[in-house]
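Colleague: Pasting a structure below so you can have a look.
The numbers here are math on the coordinates, done by the rules we state, and not lab data. Note that the coordinates shown come from a computational prediction; the quantities given were computed from them, not determined experimentally. All Cβ positions, even for glycine, are placed from backbone atoms using ideal geometry, and neighbour counts span all protein chains on display.
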Amino acid sequence: MKLKWAGDFREQVDALAHALGNLLVDAFHYLALFAIGAAIVWSAVVAFLGMAAKGHAAIDDILLLFIYLELGAMVGIYFKTNHMPVRFLIYVAMTALTRLLISDVQSHHAPDMGIVLVAGAILLLALATLVIRYASWKFPSARAAEK
């Protein structure tokens with residue numbers, strides 16, 4: 001009974017440390033998201049200015065802009081929901097592989113096994129997207145089911 005004040009003080013210090021820790025984690029979270037978003041915008045602007053300086057945009061340049069768009073959308077979704085949209089990472093990978101495939105075909109013009117492997121990787125990523133979409137529809141997360 002005499003040490004009730006010590007227990008109360010410990011609980012107050014614990015609550016203060018918990019609140020301060022949450023504040024610091026959230027501040028780092030937002031700072032990192034803004035830094036990543038700024039880097040994406042900066043890279044996209046530099047790529048666009050490079051296309052403008054060339055006077056034309058090739059298909060791989062346009063696909064690069066789509067990669068930046070998908071990365072920006074992924075950051076925006078993560079900012080709003082605090083959930084990492086894994087599908088967008090797969091979309092970025094599919095777009096990057098498509099860009100690789102197109103540039104390889106444009107530069108070499110020779111069919112080889114590399115083209116088949118890249119196309120197979122794109123197909124595998126498309127199937128992974130299908131599985132993720134089906135799983136999220138069939139087995140929604142507890143947080144999504146509450147809304």
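Colleague: Size of the stretch 1-64 along its principal axes in angstrom, Cα-based, largest extent first?
Modeller: On the principal axes, the stretch 1-64 reaches 81, 16, 5 Å in Cα extent.
Colleague: Which residue fluctuates the most in the chain, going by a Gaussian network model with Cα springs under 10 Å, if the choices are Leu71, Leu123, Leu23?
Modeller: Maximum fluctuation in the GNM of the chain, among the listed residues, is at Leu23.
Colleague: Using the Karplus equation 6.51 cos²θ - 1.76 cosθ + 1.60 (θ = phi - 60°), what ³J(HN,Hα) coupling, rounded to whole Hz, does each residue of the stretch 12-21 give in order, writing x for Gly and Pro?
Modeller: 5, 5, 4, 5, 5, 5, 5, 5, 5, x
Colleague: Can I ask one more? Along the positive direction of the dipole of the stretch 53-147 (beta-carbon charges: Lys, Arg +1; Asp, Glu -1; about the Cα centre), which of Ala57, Leu124, Leu97 reaches farthest?
Modeller: Comparing the listed Cα positions along the dipole, Leu124 ranks first.
Colleague: What aspartates and glutamates does Lys80 reach when the alpha-carbon gap must be under 19 Å and sequence neighbours fewer than 8 apart in one chain are set aside?
Modeller: The qualifying aspartates and glutamates are Asp26, Glu70, Glu146.
Colleague: Rank-order 41-49, 130-138 by packing density, defined as the average count of other C-beta atoms within 10 Å over each peptide's residues, highest first. Write out the running numbers ahead of the final one.
Modeller: On the way: 41-49: 13.1, 130-138: 10.3.
Final packing ranking: 41-49, 130-138.
Colleague: Quickly rank 24-37, 75-88, 4-17 as a protection proxy: mean count of other C-beta atoms within 10 Å, highest first. Could the numbers behind the result be given before it?
Modeller: Working: 24-37: 11.8, 75-88: 14.1, 4-17: 9.7.
Highest mean packing first, the order is 75-88, 24-37, 4-17.
Colleague: Let me ask you something else. As an exercise, use a Förster radius of 41 Å and the Cβ-Cβ distance of Leu23 and Leu117 to find the FRET efficiency, rounded to the nearest 0.05.
Modeller: Efficiency computed from Cβ-Cβ geometry: 0.25.
Colleague: Is it possible to state the helix-based mean residue ellipticity at 222 nm for the chain, with each DSSP H run of 4+ residues giving -39500 (n - 2.57), the sum divided by total residues, to the nearest 500 deg cm²/dmol? What is it?
Modeller: -31000 deg cm²/dmol
Colleague: In addition: As I understand it, the dipole of the stretch 4-146 uses +1 on the Cβ of Lys and Arg and -1 on the Cβ of Asp and Glu, about the Cα centre. Which of Phe79, Met113, Leu24 lies farthest toward its positive end?
Modeller: Phe79
Colleague: Given that just one value was derived from the coordinates, which of [x] 16.1, 54; [y] 17.4, 63; [z] 23.5, 86 is Rg and Dmax of the Cα atoms in Å?
Modeller: So the calculated entry is the one marked [z].
Colleague: For Ile102 and Asp60 in the same chain, what is the full-extension length gain: residue separation times 0.36 nm, less their Cα-Cα distance, in nm? It would help to have the intermediate numbers written out before the result.
Modeller: Details: separation 42, 0.36 × 42 = 15.12 nm, distance 0.70 nm.
Extra length from Ile102 to Asp60 when fully extended: 14.4 nm.
Colleague: Assuming R0 = 25 Å, what is the FRET efficiency of Tyr30 and Ser136, from their Cβ-Cβ distance, to the nearest 0.05? Walk me through the intermediate numbers first.
Modeller: On the way: r = 26 Å, r/R0 = 1.05.
So, using R0 = 25 Å, E works out to roughly 0.45.
Colleague: Tell me, what is the FRET efficiency for Ala52 and Ala110 to the nearest 0.05, using R0 = 25 angstrom and their Cβ-Cβ distance as r?
Modeller: Computed FRET efficiency for Ala52 and Ala110: 0.20.
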